[in-house]
Amino acid sequence: MSLRRFLSVLLVSAVAFCVPSVLSAQSQDFPKVEVFGGYSWYDAGSVQGADIPDFNKGWGGQFTYNLNHWAGLALDAGGHYEGSGVDGLSIHTVTFGPQFKLRKGHFTPFAEVLVGMARVSPNAADDET
């Protein structure tokens, strides 16, 4: 093996072994992905003059992909249910948008702007999106 080839193999090997350790030594002060799931209560208020009851059974979840320590993209979904049988009503939502965070220790206030859609499903009528 020539000296030139030996040195090039040595250089490539050194880079291959050193670069991953240098990259892992850099601290990441924010999680790349955040996931939330939980109970949800929904007050629909009134729609076109009809008073809709509160939805006290529901769920909510959110997946956030953080672009850096202060900005991310959020995908939020939820389902809310009221009553059963002919009088039952359910609402499902899917929204997405940017999320902005101020990371300060254990407390992280955030703001988000979400747009999306809601599907209202009354048991005695057609669904509306």
**Request:** Multiply the residue separation of Met117 and Ala77 by 0.36 nm, subtract the distance between their alpha-carbon atoms, and state the gained length in nm to one decimal.
**Result:** 13.4 nm
**Request:** Please give the net charge around Ala77, taking every other residue with its beta carbon less than 15 angstrom from that of Ala77, where Lys and Arg add +1 and Asp and Glu add -1.
**Result:** -2
**Prompt:** Summing +1 for each Lys or Arg and -1 for each Asp or Glu, what net charge is found among the other residues whose Cβ lies under 9 Å from the Cβ of Gly97?
**Reply:** -2
**Protein-only accessible surface order, largest first, of Val35, Val115, Val120 at 1.4 Å** = Val35, Val115, Val120
**Request:** Using only protein heavy atoms and a 1.4 Å probe, report how much of Lys101 is accessible, in Å² to the nearest 10.
**Result:** 30 Å²
**Asked** Rounded to the nearest 10 Å², what accessible area does His92 show when all protein chains are kept and the probe is 1.4 Å?
**Response** 70 Å²
**Request:** Please list, in chain and number order, the residues 5+ apart from Leu67 or on another chain whose amide H is under 5 Å from its amide H, with Hs placed from the backbone.
**Result:** Gly72, Leu73
**Request:** Starting from the residue with the highest accessible area, list Tyr39, Tyr81 in decreasing order, probe 1.4 Å.
**Result:** Tyr39, Tyr81
**Request:** Please give every one of the lysines within straight-line cross-link reach of Lys32, meaning a C-alpha to C-alpha distance under 19 Å, and leave out same-chain neighbours fewer than 8 residues apart.
**Result:** Lys101, Lys104
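The values are calculated or read from the model by the stated rules, or taken from the named source; none is laboratory data. On a predicted model such as this, the values are computed, not experimentally measured, just so you know. We place every Cβ from the backbone using ideal geometry, glycine too, and count neighbours over all the protein chains shown. For accessibility, only protein heavy atoms count, side chains too; no ligands or nucleic acids. Shrake-Rupley method; radii C 1.70, N 1.55, O 1.52, S 1.80 Å.
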